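In what follows, a structure is listed as structure tokens, so that the remarks can point back to it.
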Amino acid sequence: MSRFQGFGAVAWREVRTVVRTRSYLLLSVGLLAVFAGTLRAGGGIEGGYIPTAVDLLLPLELLVPLVAVALGYRAFGGENDDRPVLLSYPVSKGSLVAGVYVGRLIGLAGIIGGPLLAVGAAVSRIGGAESRVFATHQGADSPVLFVRFLALTVCFGAVVLAMAMAASVLVRTSRAALAAGLAVLVVVVAGGDLLAFLGLTADAIGEDVLGTVLGASPNSAYRGLVLESVVGVATDQGGAIDVSAAVAGLAGWLVVSLGAVVVGIDREPFAGIRTGIGELTGRVAGALDR
Amino acid sequence: MSAESQPRIETRTVTAVSILVLVVGLVAGLFIVDLGSATPEPVDFDETVSVGLTLEDELRLDNSDADIELPKVQTFYSQYPYVVGYYGVESFAAEQRQPAHEQRFGFPNAIYVTDYAGRDVELTETGLPVTGNSTAERTATGGHNHGGTAGGSGNWVLAEEAVYVVDSEARTPSGETVMPFGDREAAEAFVESYGGEIVGWEAVLEVPAGDDDAEAVRGRIADRHAEANATVDSRTRLRDRPVETVVGEDEPTVQSAIEAAPPNTTVLVPEGTYREHVDVDKPLTLRADGDARIVGNDNGTVVTITANRTAFVGLNVSGVGGSTPGPTVTDGHSTGNVGGASHDHGDTVGDDSWDADVEDDYAQGDTAIEVTNAEDVLVDETEIHTDAAGIILYASPGSVVRGTTVVGSENYREGHMGIVAMRSPGVIENSTFVGGLDGVYTHRSEGIAVRGNEMIDNRMGIHLMFTSGALLTDNAMSGQETAGIYVMTGPQRNAIVGNEIRDTETAISVGGTDSYVAENVVTENDLGVRIEATASIVERNVVADNRNGIEAWALLPTNRVTHNDFVDNRRHVSVSSGRLRVWTHDGEGNYWEGAIGPTDGTVIQRPYTPTAPVDGRLHQVDGAATLARAPALDALAGFQGAVPGMRADEVIDVAPLCAPVNDEWFEATERTDTEPICRSGGGSAAQTRYDD
């Protein structure tokens with residue numbers, strides 16, 4: 001069996017798992033409901049693609065990591081451990097990891113992208129100003145910007161998915177996997193921003209490099225890229241973030257996380273550390289349970 | 001894994017990889033594609049949201065015979081869905097220098113200017129540009145025509161591609177103007193005839209504006225008060241002319257005394273009732289000595305003044321005829337929106353005929369005192385009872401009316417104005433107007449001052465038509481059926497300051513541009529302030545206990561609305577049209593009863609959106625504060641103002657004040673519902689704000 005065949009089979013298996021799991025469909029419908037509620041409260045949908053993206057940016061910063069962790073935290077861990085099954089495939093570790101990752105990423109893209117596409121379709125029908133008295137025009141608004149926003153959102157999800165998967169290979173039990181997943185969630189949603197904030201107030205981060213340093217925090221990188229390449233088109237005011245630093249930051253998290261998964265998948269190299277971390281997180285989770 | 005399934009997997013794999021490559025390629029393409037390449041085509045100027053010319057000027061230009069075409073600009077902004085039209089390149093240049101301009105509209109995607117090249121442009125005597133007479137001719141010669149032809153919809157050129165003639169003899173009604181040309185030769189030919197020099201677009205953007213901006217309006221108030229004071233002082237001296245004639249001693253009637261008296265002297269009118277009609281046709285002072293009453297025969301006008309520098313002091317006037325202009329005037333303005341963009345005098349023909357229409361309607365009928373073509377007249381301490389008009393000033397600039405009381409018809413539909421000031425800028429102060437149509441109605445009286453008057457139970461308190469540069473201060477009004485102060489027909493530079501208006505349908509309705517509405521107290525009205533004006537400042541007003549606090553009408557979000565106190569209005573703000581407005585300037589907004597959030601002692605660090613369903617109910621509905629603090633709603637509020645020009649119909653204050661601005665008023669009224677929430681910053685809010 002070729003490298004691609006193995007990859008394809010694994011990916012396909014993951015996609016089918018996502019498709020067959022009804023709760024993922026429910027999750028997608030739930031996201032659509034949240035988007036609809038947010039846009040109703042914010043009013044962006046009447047304004048056009050850019051205001052819609054602005055309204056959805058903050059909810060997505062929370063929801064995308066949530067979906068990514070939900071998809072990733074038990075990719076290799078948990079009591080119903082799939083790892084022996086996966087490892088029994090006649091494929092390399094790299095293909096295996098890539099397959100699982102790409103399969104789940106396609107699932108993630110569907111779960112988040114579906115509702116977003118629906119929102120985009122709604123904007124195209126009711127967005128933008130109309131007037132019988134005055135001439136109107138689109139200004140800087142464009143569906144392309146919304147697709148950009150969608151693409152950035154999926155990329156952000158892809159990074160957090162990889163991080164969640166990396167967390168899942170480091171632990172043994174499903175409870176520990178959940179705790180590790182939640183840890184990823186907290187780090188992504190608030191940790192990076194708070195560190196940047198602390199660094200700035202403690203003068204550890206100079207004002208001139210803030211835009212660059214922010215690239216290291218995945219959600220700051222995501223927010224910055226949206227502000228720069230979607231919202232910034234209408235305001236013509238750049239400087240939301242150092243684009244190359246943000247791209248490098250996201251890519252770095254992705255590569256490091258996937259690397260960690262590849263290395264950690266067969267439990268050999270870092271067994272000791274892994275066991276230790278696993279037990280620690282297990283105990284923390286146990287303590288939380290009580 | 002069975003051998004049979006392998007080819008299927010192979011196909012799938014190839015498909016999957018191709019899709020992956022395609023997706024990555026598309027995504028990369030998304031970020032490379034240049035979105036700004038398509039330049040929109042110019043539109044008919046009538047379809048733009050236009051600024052820079054008063055309605056008066058527009059109508060006069062529409063009605064003039066010559067084919068006048070002012071230089072115009074139309075701008076397509078990145079965030080603003082309407083095309084914005086400017087009369088005069090210089091008015092665009094001034095507007096784009098305003099600090100919040102780009103934040104509100106985004107940057108210009110495309111700017112077109114009028115192209116005069118190849119159109120036989122000439123200037124009228126007053127410097128107004130005139131182009132070739134017929135449309136057909138224009139089309140044939142319009143070398144740089146970008147679109148339609150009718151009514152000046154064509155003949156546009158991209159601003160960056162044009163050259164401009166500055167400092168030439170060309171004018172708009174507002175002053176000097178810049179002339180754009182699509183090619184350099186045409187511009188050179190123009191310079192040869194009318195002077196000036198040729199510059200590029202970048203240089204034009206730096207040309208100083210002919211008009212004052214709204215900021216300057218604020219600074220002019222004191223100067224204008226001083227001017228008004230000087231006028232009043234000069235007119236008041238007319239009271240002191242030597243007495244040469246006494247009615248009853250020297251002459252039997254007031255009229256015969258006037259005829260006998262030498263000019264520039266005083267005719268003294270002792271206590272008593274004088275049943276006659278009086279005509280003053282030379283500069284005299286008519287002064288009462290005690291309770292002197294001139295009573296007409298209930299037919300026609302009682303006192304007619306046609307001489308400059310006449311003074312009319314201390315007399316009572318009644319017995320006025322009952323003829324009034326009738327329903328055209330009474331109903332003409334109470335329902336329609338005269339100041340709106342749709343206002344059209346298209347049925348009138350020829351210069352000034354629109355003006356004649358209004359004069360026919362408003363300057364007709366009987367009046368207690370009529371002043372016609374007489375400059376610098378004084379009407380002082382006079383009491384008037386009338387079922388028609390009180391005083392009609394016609395073409396009598398420099399007139400002063402003070403300390404006077406006009407009691408009009410109880411039913412305004414049967415009455416007329418307290419004072420009609422037609423082409424008669426002057427000063428009206430410390431007077432009282434009860435009942436009748438409008439307390440003070442002005443028409444083309446640029447620079448009139450209306451100060452310290454009391455107006456009760458009229459149709460409108462002060463009604464400005466085609467009047468720019470007016471000073472309306474410290475008036476007290478109540479019980480107006482239509483409005484306390486109504487500024488119609490898009491004038492410029494009016495100041496409405498320190499008035500107290502309560503219990504009206506609309507306290508203040510202000511149209512036009514570059515106007516200043518400040519320090520007014522509007523309470524218990526159906527509507528506190530309607531803002532139709534653009535490029536104006538609305539600040540430090542108290543808006544309390546109204547059904548609707550402020551209604552935002554202006555389509556262009558160019559006003560600065562800050563440091564107002566909104567208390568106990570059923571709705572603080574409503575919006576009738578337009579895009580999102582940000583009512584914050586330099587990090588400070590307004591005081592909103594109900595606004596919540598952490599504060600730094602000056603402002604609340606949570607945006608307040610008075611037009612939003614939850615924020616708008618904060619000061620009235622229990623539980624709204626809990627809902628407003630929901631992370632989902634809180635998170636939304638954070639970015640609301642990011643692209644204001646793309647958002648519909650909202651008002652947002654990103655830095656609400658935590659304590660009222662006019663705290664003296666609140667203390668005087670002993671209100672308890674404005675408990676400041678500045679404390680989280682340490683100490684009392686009001687103290688941190690006002691002690692330093």
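So what's region A:158-211 giving for Rg/Rh, alpha carbon basis, Kirkwood Rh from the mean inverse pair distance?
1.16
Lys and Arg at +1, Asp and Glu at -1: add these up for the other residues within a Cβ distance under 12 Å of residue B:261 and post the number.
-2
Give me the dipole magnitude in Debye, nearest 20, for region B:418-494 about the Cα centre, with unit charges on the beta carbon: positive for Lys and Arg, negative for Asp and Glu.
So the magnitude is around 300 debye.
Rounded, prolate or oblate: which fits region A:3-289, taking a ≥ b ≥ c as square roots of the Cα gyration tensor eigenvalues, rounded meaning a/c under 1.5, else prolate when a/b beats b/c?
Here region A:3-289 falls in the prolate category.
Please compute the average number of Cβ atoms from other chains found within 10 Å of each residue's Cβ in peptide B:107-113.
Average neighbour count from other chains, rounded to a whole number: 2.
Beta carbons within 10 angstrom, averaged per residue: use that to sort the peptides B:87-96, A:104-113, highest first.
Taking the mean over residues of other Cβ atoms within 10 Å, the ranking is B:87-96, A:104-113.
Pick out the long, greasy-scoring helices in chain A: whole DSSP H runs spanning 20 Å or more along their own axis by Cα, mean Kyte-Doolittle at least 1.6.
Qualifying helices, which must be both long enough and hydrophobic enough, are A:49-72, A:143-169, A:243-264.
Which value, in debye to the nearest 20, describes the size of the charge dipole of region A:3-289 about its Cα centre when Lys and Arg Cβ atoms bear +1, Asp and Glu Cβ atoms bear -1, and nothing else is charged?
In total the dipole reaches around 1220 debye.
What number comes out for the charge environment of residue B:452, summing +1 per Lys or Arg and -1 per Asp or Glu over other residues with Cβ under 15 Å away?
Computed value for this residue: -4.
Among A:148-160, B:570-582, B:281-293, how do they line up from the highest to the lowest mean number of other beta-carbon atoms within 10 Å?
Sorting A:148-160, B:570-582, B:281-293 by mean packing, highest first, produces A:148-160, B:570-582, B:281-293.
Looking at the square roots a ≥ b ≥ c of the eigenvalues of the Cα gyration tensor of region B:502-636, which shape do they give, rounded for a/c under 1.5, prolate if a/b is larger than b/c, or oblate?
Prolate, since a/c reaches 1.5 and a/b exceeds b/c.
What is the mean number of Cβ atoms from other protein chains located within 10 Å of the Cβ atom of each residue in peptide B:81-94, rounded to a whole number?
2
Given Cβ point charges of +1 (Lys, Arg) and -1 (Asp, Glu) and nothing else, what value in debye, to the nearest 20, does the dipole of region B:572-618 about its Cα centre take?
In total the dipole reaches around 260 debye.
Under the classification rounded if a/c is under 1.5, otherwise prolate if a/b is larger than b/c and oblate if not, where does region B:380-539 fall, given a ≥ b ≥ c as square roots of the Cα gyration tensor eigenvalues?
Oblate is the answer for region B:380-539, as a/c is 1.5 or above yet b/c matches or exceeds a/b.
If Lys and Arg each add +1 and Asp and Glu each add -1, what is the summed charge of the other residues whose beta carbon sits under 12 Å from the beta carbon of residue B:250?
-4
Work out the mean other chain Cβ neighbour count within 10 Å for the residues of A:138-146 and drop it here as an integer.
Taking the mean over all residues of the peptide, I get 6.
What's log10 of I(q)/I(0) for region A:193-242 at q = 0.25, 0.30, 0.31 Å⁻¹, Debye sum over Cα points only, no solvent?
Here log10 of I(q) over I(0) equals -0.88, -1.06, -1.09.
Please compute the contact order of chain A in relative form: average sequence separation of alpha-carbon pairs under 8 Å and at least six residues apart, divided by the residue count, as a percent.
24 percent
Sorted by mean Cβ packing within 10 Å, highest first, what order do the peptides B:22-32, B:488-498 take?
So the peptides B:22-32, B:488-498, ranked by packing, come out B:488-498, B:22-32.
No lab work stands behind these numbers, since they all come straight from the coordinates. Predicted model, so just to flag it, every value in this text is computed and none were measured. Here the Cβ is made from the backbone with ideal geometry for all residues, glycine too, and neighbour counts use every protein chain on show.
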